[in-house]
Amino acid sequence: MRMLLTVFCCACLWLAGEACGAAPEPTAADPLRSPLWSGMQQRFFEGQRVVFDDRVQVRMPEAAEDSLNVPVEISAEGFDRIERILVFADLNPIPKILEFQPGQARPRLAFRLKVEQSTPVRAAVLDGDGTWHVGGAWISAAGGGCTMPSVGAGSPIWQERIGEVAARQWTPFEGGGSRLRFRVIHPMDTGLAAGIPVFHLEDVRILTEADDTLARLALYEPVSENPVISLDFDYVGPVRVEGRDTQGNQVSARVTP
């Protein structure tokens, strides 16, 4: 009888495994030794396979001179297919910073972010097989980047210029492609400063004149005020920058080489 029960239980476990799929492989120890890595893994990747990968690079200063404007460059070379790239900071009060769907863009991105304190800043690349590849680096910061009011929030000028786009396209660039850099006037308020509600640019698309999407960005509160973003493309030709913020204000600009 005991043997029959054992066989029955094993068969049930096998069937459950067939129905649900194999459990994700355990993630290796965090190379950055963050006290909140397990929480970040549960928050962003629960039930999914995660590996640390040196091909995913996060480049930024070792120390933040200005916690409201930390330059960072993300690169993820050597992948056959990238679905999206997630950027987050473990110890920020709002960890999620940006999501990037490269589409026809090269897997490189440069922008500026706010940090509240010393923290790892990570990029996670979702490949075509459903695996997240994570890289990152520590930055030392005195603090206050996320909880301080933006300069724009205290000035009436931004009300007249909000959504204004300044952009430039360089071509040829690295093998015949192009580089696009654009700035959008926006306070990017986090909602953590007293009396100032959350208000930020949340969606930006780069389109061809035929309305084909080249790349898409989802921006969150920790992106710096008046965000400046650089993207590289194999595509060469006029593009449109289209977007909206959390209050429905529209962003639109045409950029030519």
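The values are calculated or read from the model by the stated rules, or taken from the named source; none is laboratory data. Since we're looking at a predicted model, the values are computed, not measured. Virtual Cβ from ideal backbone geometry, glycine too; neighbours counted across all protein chains shown.
Does residue 29 fit the bill of being over 23 Å from residue 201 (Cβ atoms) and small (Gly, Ala, Ser)? Taking the combined requirement at face value, the residue satisfies it.
If you go through the range 116-136 and keep only what is of a type in the set (A, V, I, L, M) and crowded, with 23+ Cβ neighbours inside 10 Å, you end up with 121, 123, 124, 125, 134.
Considering the range 154-165, and only residues there that are surrounded by fewer than 17 Cβ atoms within 10 Å (Cβ to Cβ) and of a type outside the set (Lys, Arg), the residue that is modelled with the highest pLDDT turns out to be 164.
Considering only residues that are among the charged types (D, E, K, R) and in a strand (DSSP E or B), look in the range 82-106 and name the one that is farthest from residue 40 (Cα to Cα).
If we take residues in the range 82-106 being among the charged types (D, E, K, R) and in a strand (DSSP E or B), then 106 is farthest from residue 40 (Cα to Cα).
Considering the range 96-115, and only residues there that are out of contact with any Ser or Thr (no Cβ under 9 Å at 6 or more places or on another chain) and surrounded by fewer than 21 Cβ atoms within 10 Å (Cβ to Cβ), the residue that is farthest from residue 62 (Cα to Cα) turns out to be 99.
Residues in the range 166-180 that are buried (at least 17 other Cβ atoms within 10 Å of the Cβ) and either charged (D, E, K, R) or in contact with a His (Cβ under 7 Å, 6 or more places away or on another chain) (or both): 179 only.
Selection of the range 67-82 for residues being out of contact with any Pro (no Cβ under 7 Å at 6 or more places or on another chain) and surrounded by fewer than 14 Cβ atoms within 10 Å (Cβ to Cβ) yields 78, 80, 81. For the range 181-207, filtered to residues that are at positive phi and touching a residue at least 12 places away in the same chain (Cβ under 8 Å), the residue that is surrounded by the most Cβ atoms within 10 Å (Cβ to Cβ) is 188. Inspect all residues belonging to the range 56-72 and state whether any of them is under 13 Å from the mean Cα position of the chain (by Cα), assigned to a strand (DSSP E or B) and under 20 Å from residue 225 (Cβ atoms). Yes; the residues of the range 56-72 include at least one that is under 13 Å from the mean Cα position of the chain (by Cα), assigned to a strand (DSSP E or B) and under 20 Å from residue 225 (Cβ atoms).
Among the residues examined, residue 210 qualifies as without any contact (Cβ under 8 Å) to a residue 40 or more places away in the chain and either buried (at least 17 other Cβ atoms within 10 Å of the Cβ) or out of contact with any strand residue (DSSP E or B) (no Cβ under 8 Å at 6 or more places or on another chain) (or both). Checked against the criteria, residue 145 does not count as in contact with a strand residue (DSSP E or B) (Cβ under 7 Å, 6 or more places away or on another chain), under 23 Å from residue 58 (Cβ atoms) and either exposed (fewer than 15 other Cβ atoms within 10 Å of the Cβ) or of a type in the set (Gly, Ala, Ser) (or both).
Selection of the range 47-61 for residues being farther than 26 Å from residue 179 by Cα, in contact (Cβ under 8 Å) with a residue 24 or more places away in the chain and surrounded by fewer than 16 Cβ atoms within 10 Å (Cβ to Cβ) yields 48, 51.
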